[in-house]
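Each remark here refers to the structure printed beneath this line.
The values are calculated or read from the model by the stated rules, or taken from the named source; none is laboratory data. Just so it is clear, the structure is predicted and the values come from calculations on it, not from any experiment. Cβ placement follows ideal geometry from the backbone for every residue including glycine, while neighbour counts extend to all protein chains displayed. Accessible surface areas use protein heavy atoms only, side chains included; no ligands, DNA or RNA. Shrake-Rupley method; radii C 1.70, N 1.55, O 1.52, S 1.80 Å.
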Amino acid sequence: MPGPSINYRIEIADVHSHSFAVTLTIPNPAAEQIVSLPAWIPGSYLLREFARQLSGLTARQGSRELTVEQLDKATWRVACSGRAALCMSYRVHAFDNSVRAAFLDAQRGFFNGTSLCLRVHGREQQAHALELARLPLGWEVATAMPAAGKGYLAADYDELVDHPFELGNFWRGRFEAGGVEHQIVVAGALPSFDGTRLLADTQVICKTLIDFWHDALPFSSYTFLLNAVDEGYGGLEHRASTALIAPRRDLPRLGQPETSDGYVRLLGLISHEYFHSWNVKRLRPAEFSALDYTHENYTELLWFFEGFTSYFDELLLLRSGLIDRSRYLKLLAANASSVLATPGRLRQSLAQSSFDTWVKYYRPDENSPNSGISYYSKGALVALALDLSLREAAKPSSLDAVMCDLWRRSAGGPVAEADILAAVAERGGAALAEQLSQWVHGTQDLPLPALLEQAGVQWRHERPSLAQRLGLRVSENALTGVRVTHVLADSAAQAAGLCAGDELLGCNGWRLRRLDDALLSLVPPQSALSFLVSRDQRLLSLAAELPAPRDCQAPVLLSLADKAPARAQGLRRAWLGG
Ligand code: ZN
């Protein structure tokens, strides 16, 4: 790391106005020094325009005030004279309680460098130092950024913004996996939180994933930063850490040994983000070789980096022994059901979904299920179809082997779609690689029922609910009543003229409190449903023909087939264990 480093002093200026004060010191500035704040944070594909929270930018060299010229929404230029250090000061408003930006109140602080640290153009490859100032009494700091002196030091700007910070009074625990220290930090947990159990379960997940990648550990320590909140869910992957947000009720509790669905979801999130340490942070789309912080970075490959990660996050919970096979099949069935309940799967391919994520997946609206498909959920199903195809081939292999081949061949670096297809062809033959390409670039449904049957898993359908028969998605609660959120394409609800935002007040003369099968007992058999709807202050009456259950997309049920042939049972054992 040659040359004096770029330095950021990050001060807790005022917790009540949620304000960080930042002083950036640039030794030997350029004559026309340009700085900018990123428009997005890697891993979350939406232009978030972090500069909108920045204010009061000033600059000086020694005691001399300099003029700061704004070039665009997130870029500034300062004309410097001589080589004296350029000092820039500004404030950042931090009240985004997600994993993607910055937050500060009297209880805790959190930030990503993309929200707080201006990028010094032309100096990105130099060392970047960071120090914290005026931390409230008793606050601690957690980050994976290497400590140096009184602060922290990153080798370059990419690294600086890839280590989030958690500040405050939090629970902290440590464990070892793969010979490397891991720590978990939990902010906002209830007093009944069972930290010992979370540590033990996370350790098993990490060891299983390290085994999966054949002990190729790409970091020298790892930190989980978990923010437990009333409502919220999500995670963001980083090179040696992850920032997570989850409902505090989902955390394990002392004296409650059962594993709730919420806890399984949290363990799946932990598994997902840790898997990303290999898949997307190192093995990554060729387009992400050098990140552009000012614009969208397009790739067609998120079905692989997010979808395949989503497949393995749950499969590896099973291999870790944290869930059993029937619970795993339930998770798989829920994902298959959600894909089949999305008409947009027939309109948008996975490659298109990846490319368009900046304006579609990350900007959902009432038409999203009709116009597109999630590269997470359908990508995970493609991974399943590919894994089963590899396992069922004449010369059996697995998706595990393909992932590790790719890791080795790319030396944990950028890959293109052709590299992925070549790795599949090598293990499963050219025809399978061609098949994968069609799954990813086409919109046809995947041959999962047949592939699962050959692996000793039975695919059936449940009876569809009333909302599913109508092609409606609704939100229901006592305050807002039954409110339509989505009307699915080519559905009975669409033919009836129902719209997103409609409140369903009644049906066939009866007050409607829930949209469930109980409603059908109020309606004469074979008759149309007549909904009383509130829309924009008007009351409307809309009639819907209810299709028969067999004509509707119904949820999937998966179970272990009792009388599977020996070959199918062997395959199932290799895939699901047991
Ligand atoms: Zn992910």
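Structure notes:
- Restricting the calculation to Cα atoms, region 170-277 shows an Rg/Rh of 0.94 when the hydrodynamic-style radius is the Kirkwood one.
- Region 1-136: C-alpha gyration tensor shape, a/c 1.5 cut-off, then a/b vs b/c: prolate
- Fraction of accessible area attributable to carbon and sulfur, region 70-144 (%, probe 1.4 Å): 49 percent
- Centroid-to-centroid separation of region 328-371 and region 32-91 [C-alpha atoms, Å]: 38 Å
- Note on the chain: helix-only mean residue ellipticity at 222 nm, from DSSP H runs of 4+ residues weighted -39500 (n - 2.57) and normalised by residue number, equals -8000 deg cm²/dmol.
- Calculated FRET efficiency, residue 346 to residue 500, Cβ-Cβ distance, R0 = 22 Å: about 0.65 to the nearest 0.05.
- DSSP beta bridge pairing in region 170-277, given as percent antiparallel to the nearest 5: 50 percent
- Its relative contact order, with pairs defined as Cα atoms under 8 Å and 6+ residues apart, puts region 6-168 at 27 percent.
- Rounded, prolate or oblate (a/c below 1.5 giving rounded, otherwise prolate when a/b exceeds b/c) for region 466-551 by Cα gyration tensor: rounded
- Compared with the dominant Cα axis of the chain, that is its longest principal axis, helix 195-212 is turned about 80°.
- Per-residue HN-Hα couplings for region 419-432 [Karplus 6.51, -1.76, 1.60; θ = phi - 60°; Hz; x = Gly/Pro]: 5, 5, 4, 5, 5, 5, 4, 5, 8, x, x, 5, 5, 5
- Estimated translational D of the chain in µm²/s (Stokes, Kirkwood radius over Cα pairs; 10 °C; 1.306 mPa s): 61 µm²/s
- Whether region 210-355 is rounded, prolate or oblate, judged on the alpha carbon gyration tensor where a/c under 1.5 counts as rounded: oblate
- Among the listed pairs 330/395; 281/395; 281/378; 281/360; 207/330, those with a Cα-Cα distance over 26 Å are 330/395; 281/395.
- Mean separation of Cα contacts under 8 Å, 6 or more apart, over the residue count of the chain: relative contact order %: 10 percent
- In region 524-578, trypsin sites (Lys or Arg not before Pro) in a DSSP loop with at most 11 other beta-carbon atoms within 10 Å: 563
- Surface per residue (accessible, 1.4 Å probe) for the chain, Å²: 42 Å²
- 3J(HN,Hα) along region 312-322: 6, 4, 7, 4, 6, 5, 4, 5, 6, x, 7 Hz, from the Karplus curve 6.51 cos²θ - 1.76 cosθ + 1.60 with θ = phi - 60°, whole Hz, x for Gly and Pro.
- Region 222-300 versus region 500-578: alpha-carbon centroid distance in Å: 32 Å
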